[in-house]
Amino acid sequence: MQTAHTLKILGDETRLQIMLLLAAEEELCVCELVAALDQLQPKISRHIRLLKDAGLICDRRQGQWMFYRWSSDLPVWVSELLHNLRQHDLQLLQQGRANLAAMNSRPERCC
């Protein structure tokens, strides 16, 4: 994983918010990310694809739902960077977590 490419991927605010939400929630589906970030599904899906292609996230299918989480191959420096951002830039995460809390019907997880 090239450092400059990874930083470019994380340099987009939406993708950074997705990564921070995944750090906080461990696993989310597209509909949860759409609600959390208050953005259209095609836009969220495009950002997810870029994160997945960069090897930063992976997915798990459960019935009709596709859940996303950090990749187990995520480099330590990326994980540390995201955890530091999560602790020091709460504004990036606050609205998304509030939107998730207000979401009516979140998908059930079996694992």
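The values are calculated or read from the model by the stated rules, or taken from the named source; none is laboratory data. Computed from a predicted model, the values in this text were never measured in an experiment. Cβ: placed from backbone, ideal geometry, glycine included. Neighbour counts: every protein chain shown.
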Exercise. Out of all the residues in region 58-76, which are in contact with a helix residue (DSSP H, G or I) (Cβ under 8 Å, 6 or more places away or on another chain) and at positive phi?
Worked result: none
Seminar exercise, completed: Per the list (1) surrounded by 14 or more Cβ atoms within 10 Å (Cβ to Cβ); (2) out of contact with any strand residue (DSSP E or B) (no Cβ under 8 Å at 6 or more places or on another chain); (3) farther than 16 Å from Glu13 by Cα, residue check on Trp77 breaks on (1)
For this session: Would you tally the residues in region 59-102 being touching a Phe, Trp or Tyr at 6+ places or on another chain (Cβ under 7 Å) and more than 14 Å from Leu33 (Cα to Cα)?
Result: 1
Seminar exercise, completed: Considering residues that are surrounded by 13 or more Cβ atoms within 10 Å (Cβ to Cβ) and outside any helix (DSSP H, G or I), the number found within region 1-30 is 5
Seminar exercise, completed: Within region 80-105, the count of residues that are at pLDDT 85 or above and of a type in the set (Asp, Glu) comes to 1
Exercise. Filtering region 31-41 down to residues that are surrounded by 16 or more Cβ atoms within 10 Å (Cβ to Cβ) and not small (Gly, Ala, Ser), which residue is farthest from Gly96 (Cα to Cα)?
Worked result: Cys31
